[in-house]
Amino acid sequence: RTVVENQTELIARFLPDRTHLFVNDAYCRYFDTPCSELLGKKMWPKIPEEDTPLLARHFASLTPENPNSTIEHRILTPGGEVRWLQWNDRAIFGPDGKVTEYQSVGRDVTEKKKIEQDLVESEKKFRDLASLLPQVIFEIDTTGRITYVNQPAFHRFGYSPEELEGGINFTQVIKPEERMEAIQNFIGIMEGRKEAGAEYHMVRRDGSELTGMVYSSPILKDGKAAGIRGILIDITQLKQVEEDLRRLNEELEFRVADRTRDLEDANRELEAFSYSVSHDLRAPLRAIDGFSSILLTEHAASLDPAVKGLLLRIRSNAQKMGQLIDSILNFSRMSRQPLSKQTVYPGQVVQEVLEELKTMQEGRNIEVRVNSLPSCDGDPALIKQVFFNLVSNAFKFTRTRERAVIEIGSFEKDGKAVYMVRDNGIGFDMKYADKLFSVFQRLHDEKMYEGTGIGLAIVYRIIQRHGGRIWVESEVDRGTTFYFSF
C-alpha cells in the first residue's frame, strides 16, 4: 500500500458500476477531490461525447482470455481544459465469467499528445512542401524500403504510388553495377557519416536510364537513425550537355590545331613575302635612285633644268616608295612578333620619347605638360612605339601654331588607367574618324604634313594586341585628343 500510495501514476480499483474501491493520492490530487469523497462513491471524469464510444469498446474488449488493454482518451477538467489520459486497465473476472472489478493505472499524456500532434503537423507541412518541389523527395526505412516519395518521383521513374511506397527497395532503381556503392553509402549515412552527395545511374520502370545526384541525411527518432530522407536531382540533361560540351571542345581543339597549322603556313608565306618585298622590291628602287643620283651629279651641266626637276621627282618618289616598304614591313613584323609583357612605367617612356623628338621641337614655342602616368603591363618596346607615334603626331600637327600646347596624362575609368595625348593642333572632322586607324589613310595634305599614313594603324594594332582600346576626339582647328588603355 505504501508503494502504491507513493506512485506518481493514477491508481484505482472500481466496480463495473464505477464505484471506487481504492484510489491513491496521485489519483485524488489529479481530479482535485479528497480520497474520502471518492471511496465507495461512483465517479467518472467528464469525457467529450465523441470519445465515449471509444471507451465503451475498450471495456467491452476485455475478456478472461485477454483481460488487459490500454486506451488513450480526452477528459474535460472542471475548469474546461482538455487533457489526455492513458489508462492501462485489467479486468478481474469471477467464476461465472463476469467482471467483478477493474484495476486501473493511468498517467497524463497531454504533452506527449501535443508533441505527437506537432510532429504530425510538421510532417504534413513537409509533405505539402515536398509536393511543390520539382526534385524527387524520398524517405527510406532501415531495411532500405522506400516509404515515401513526392509526386515528381512517379513522373521520373514511371512507377505508381502503390509500387514505389512500401514495396520497392531503393537499390531496385539503381543500376546493378552501382548498387554495392549505394548500399555502402546508405550504411554510412545511417551511422552518421556525412556524405557530400552521390551520383548514380538509375533505371526507370520501362528500363530507360537517368542520372541522378542524391543528397541525404538520417531520420532521427529518440536519438537513433530510423531511416534516411533525401533529395534526388535529375541531372540527365546536364550530363548530356557536359558530354556535348566535351565533344564540342574536342572538335574545337581539332579546329584550333587545324587553324593553327593554317596560320603557321600563312605566317611562313607572309615571311617569304616580306623577304621578297624587302629584297626584290628594294633592288630596283635602289637602282632607280642610284641612276638618278648619277645623272644629277655627273651630268648636271648638260641637263636641261626641266629634266633635272624630273630626276629630282624620280628620286623623291623612289625614296618615298622605300619608306612605304619600310612601313609595311614594320607593320607586318609588329603584328607577328610575340609580346614580351612586363611592368612598364609610361612616365619614363614619355621622357625617352621627348628626348628622341628634340629635333621636332627646335626653334618652336612648345609647352609640353606631362602629368601622372601610372604603370601598366605590356611589351615595353611596343608601348614606347605607341607614345612615340602619338606624341610625334602632336608635334607635327601643331606646327602651324604660334604656341603649341601638348598634354600627356591619364585618368581612371571603370577601374582601369586611361592614357591621353592632347594637342591644340589643326584637328580634323570627326566624320572621318573611322578612317584614322587604317593603313595609308590620310586626312591632311601630305605636302604639308609628311608621313606614310601607317603610324596610327600601328598604334591601333599594338593596343589591340594588348587587349585595350583607343578612341579619339577632335574638332577642326581646335586640336585632337587620343585616349587609349592597355
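At a glance:
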{"item": "Solvent exposure, largest accessible area first (probe 1.4 Å, DNA, RNA and ligands not counted), of Met321, Met420", "result": "Met321, Met420"}
{"item": "Proximal lysines to Lys41, defined as alpha-carbon separation beneath 30 angstrom and excluding residues fewer than eight positions away on the same chain", "result": "Lys98"}
{"item": "Sequence-distant lysines (8 or more away, or on other chains) whose Cα lies within less than 16 Å of Lys224", "result": "Lys194"}
{"item": "Within the chain: Cβ-based charge dipole about Cα centre, in debye rounded to nearest 20 (Lys, Arg +1; Asp, Glu -1)", "result": "1280"}
{"item": "Residue-normalised accessible area of the chain, given per residue in Å² at a 1.4 Å probe", "result": "60"}
{"item": "Per the chain, cysteines lacking a partner by the 4.7 Å Cβ criterion", "result": "Cys376"}
{"item": "Whole-number percent relative contact order across the chain, with pairs defined as alpha carbons under 8 Å at least 6 apart", "result": "7"}
{"item": "18 Å Cα-Cα reach of Lys308 towards aspartates and glutamates, excluding residues that sit fewer than 8 places from it in its own chain", "result": "Asp289, Glu298"}
{"item": "Test item: Cα-centred dipole of the stretch 133-245, Lys/Arg +1 and Asp/Glu -1 on Cβ, debye", "result": "360"}
{"item": "Rounded to the nearest 20 debye, dipole of the stretch 168-323 from Cβ charges on Lys, Arg, Asp, Glu", "result": "500"}
{"item": "Correct choice for Cα Rg over 2.2 N^0.38 Å that was computed from the model, options (i) 1.07; (ii) 2.14; (iii) 1.19", "result": "(ii)"}
{"item": "Solvent-free Debye scattering, log10 I(q)/I(0), computed from the Cα coordinates of the stretch 345-448 at q = 0.13, 0.20, 0.21, 0.22 Å⁻¹", "result": "-0.53, -1.19, -1.27, -1.33"}
{"item": "Positive-end residue, the chain charge dipole about Cα centroid, Cβ charges, pick of Leu164, Thr400, Cys35", "result": "Thr400"}
{"item": "Charge-dipole axis of the chain as Lys and Arg at +1 and Asp and Glu at -1 on Cβ define it, positive-most pick from Ser474, Leu281, Ser316", "result": "Ser316"}
{"item": "Solvent-accessible surface ranking, highest first, for Glu9, Glu191 at 1.4 angstrom", "result": "Glu191, Glu9"}
{"item": "Helix runs (DSSP H) in the chain reaching 20 Å along axis by Cα, Kyte-Doolittle at least -0.5", "result": "282-298, 305-336, 380-396"}
{"item": "Virtual spin-label span in nm between Gln237 and Lys435, 7 Å along Cα→Cβ", "result": "5.3"}
{"item": "Calculated FRET efficiency for the pair His201/Gln464, C-beta based, R₀ 35 Å, to 0.05", "result": "0.10"}
{"item": "Sites Arg179 and Phe254 - FRET efficiency at Förster radius 45 Å, r taken between beta-carbons, to 0.05", "result": "0.70"}
{"item": "Carbon and sulfur %, accessible surface of the chain computed with the full protein complex present, 1.4 Å", "result": "53"}
{"item": "Efficiency of FRET between Glu163 and Asp414 - r from beta-carbon atoms, R0 60 angstrom, step 0.05", "result": "0.50"}
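The values are calculated or read from the model by the stated rules, or taken from the named source; none is laboratory data. Please read these numbers as outputs of a predicted model, since none were measured by experiment. As a convention, Cβ positions derive from the backbone with ideal geometry for all residues, glycine included, and neighbour counts pool all protein chains shown. Just the protein is used for accessible areas: all its heavy atoms, side chains included, with ligands, DNA and RNA removed. Shrake-Rupley method; radii C 1.70, N 1.55, O 1.52, S 1.80 Å.
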